[in-house]
1. Among the residues of the stretch 289-305 satisfying the criterion of being over 16 Å from PRO256 (Cα atoms) and in a helix (DSSP H, G or I), which is modelled with the lowest pLDDT?
2. Could you list, ordered by first residue, the pairs with Cβ atoms under 6 Å in which the first is in the stretch 281-305 and within 12 Å of ligand 2 (Cβ to nearest atom) and the second is open to solvent by 30 Å² or more (accessible area, probe 1.4 Å) and hydroxyl-bearing (Ser, Thr, Tyr), at least 6 apart or interchain?
3. Looking at MET239 and the list (1) surrounded by 20 or more Cβ atoms within 10 Å (Cβ to Cβ); (2) part of a strand (DSSP E or B), which single condition is not satisfied?
4. Give SER282, SER261 a once-over and let me know the one that is open to solvent by 60 Å² or more (accessible area, probe 1.4 Å), under 23 Å from VAL174 (Cα atoms) and not β-branched (Val, Ile, Thr).
5. Go through the stretch 62-102 and report how many residues are under 17 Å from GLN218 (Cβ atoms), touching a helix residue (DSSP H, G or I) at 6+ places or on another chain (Cβ under 7 Å) and of a type in the set (Lys, Arg).
6. Among residues belonging to the stretch 242-258 that are over 19 Å from GLY187 (Cβ atoms) and in a loop (DSSP other than H, G, I, E, B), point out the one that is least open to solvent (accessible area, probe 1.4 Å).
7. From ALA98, ALA105, ALA124, grab the single residue that is in contact with a Pro (Cβ under 9 Å, 6 or more places away or on another chain) and assigned to a helix (DSSP H, G or I).
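The values are calculated or read from the model by the stated rules, or taken from the named source; none is laboratory data. Keep in mind that what you see is a predicted model, and the values were worked out from it rather than measured. Every residue, glycine among them, receives a Cβ derived from its backbone with ideal geometry; neighbour counts consider all protein chains shown. Heads up: the accessible areas ignore ligands, DNA and RNA and are worked out on the full protein's heavy atoms, side chains in. Shrake-Rupley method; radii C 1.70, N 1.55, O 1.52, S 1.80 Å.
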Amino acid sequence: MDLPNRPCLLAFCRRAPRFEEAFRAELRALGAPLFAFAPGSGTVFGADDEPRDIGPHPELWRIHGAGRAALTVVLLDEKQRVRLRRDAPEAEGTLLAAVREAGRAVRAAPRGIGRRELLLNSLAVALGAAVLQACASARPVDDRRAVSGAPSLLEVSLVVNGQPRRLQAEPRLVLLDALRENLGLTGAKKGCDMGQCGACTVIVDGQRMNSCLKLVAQLEGAHVTTIEGLVQGGQLHPMQEAFLREDAFQCGYCTPGQILSAIALLQEGKPTDDDEIRERMSGNLCRCGAYPNIVAAIRGVAGRA
Ligand code: FES
Ligand code: FES
């Protein structure tokens, strides 16, 4: 089945869902298609078109482990990577609440934020909250009373520095706080906490990213590398050695982010000159001004690569 190269939702429902026009209008406004499956049928609710029959696709039920809950919902990004997967005890109301809340968040966001990432973040948070609400509503009354006031937590599994880790996370928890507060990995630093300094850079599924902007709820199954994971068999990573050799730090606060960003830079492609290194490292700031030495360290490792 062809999936679009933009964020979309897959919903596996144990019985055929009935989506009212109100839901479809919310979906169109949000701009994320929904592929809804029930046993023996499949329908795509496009962002612009009328609902279209696409057949049942039983292989997708197997791939996503669907069928045990009334609803299994999967959020895919533009490269069809799973960003979130959740089971819920009810389908239509859960999806309507999630799509409506995500739409509100997208409309309220300030200008200048990337549309795809905003859509994914909003959908991930809204889905997490809607599924929790559906689970809470489905509990017996006594059980509900017992948990009222308790924080709303999601279960998320990650692989951090090669180790499987399981987190109970609030939907708003960002990766930086999860690493530092929940997992005790304090190598990633909190500088600006708004995606502008790069002190919190880690590598997620091979890509460098600002962990202060990444919601844990979006990272089910992701592989995360932090500065603590670079040493292998007691041996520093070549980039760590180069930073030491070139004296590429003063206070060291930005250094874990600089090193991880530099490693990812070389994995993305070898730079042709110092200008390109500076350009491609421009997301990592150093208040101590160690830039010439940082560039020298990266140039040295690139030259040997
Ligand atoms: S702390 Fe994340 S970019 Fe500054
Ligand atoms: S070494 Fe101090 S901020 Fe970079």
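1. So in the stretch 289-305, the residues over 16 Å from PRO256 (Cα atoms) come out as 292, 296, 299-305.
Filter again for in a helix (DSSP H, G or I), leaving 292, 296, 299-304.
Numbers: PRO292: 97, ALA296: 97, ARG299: 97, GLY300: 97, VAL301: 97, ALA302: 96, GLY303: 90, ARG304: 68.
So the residue we want is ARG304.
2. Taking only residues 6 or more apart or on different chains, not a single pair turns up.
3. (2)
4. Values: SER261 fails: open to solvent by 60 Å² or more (accessible area, probe 1.4 Å).
The unique qualifying residue is SER282.
5. 2
6. Step one: list which residues in the stretch 242-258 are over 19 Å from GLY187 (Cβ atoms), which gives 245-247.
Now drop any that are not in a loop (DSSP other than H, G, I, E, B), which leaves 246-247.
Values: GLU246: 68, ASP247: 96 Å².
Restricting to residues being over 19 Å from GLY187 (Cβ atoms) and in a loop (DSSP other than H, G, I, E, B), the top hit is GLU246.
7. Numbers: ALA98 fails: in contact with a Pro (Cβ under 9 Å, 6 or more places away or on another chain); ALA105 fails: in contact with a Pro (Cβ under 9 Å, 6 or more places away or on another chain).
None of the others qualify; the one that does is ALA124.
Here is a yes/no grid of residues against (1) within 16 Å of ligand 2 (Cβ to nearest atom); (2) free of Cβ contacts under 8 Å to residues at least 24 places away in the same chain; (3) within 18 Å of LEU84 (Cβ to Cβ); (4) touching a Lys or Arg at 6+ places or on another chain (Cβ under 8 Å):
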| site | (1), (2), (3), (4) |
| --- | --- |
| GLY162 | no, no, no, no |
| ARG165 | no, yes, yes, no |
| ALA169 | no, no, yes, no |
| LEU176 | no, no, no, yes |
| GLU181 | no, yes, no, no |
| LYS189 | yes, no, no, no |
| CYS192 | yes, yes, no, no |
| CYS197 | yes, no, no, no |
| THR201 | yes, no, no, yes |
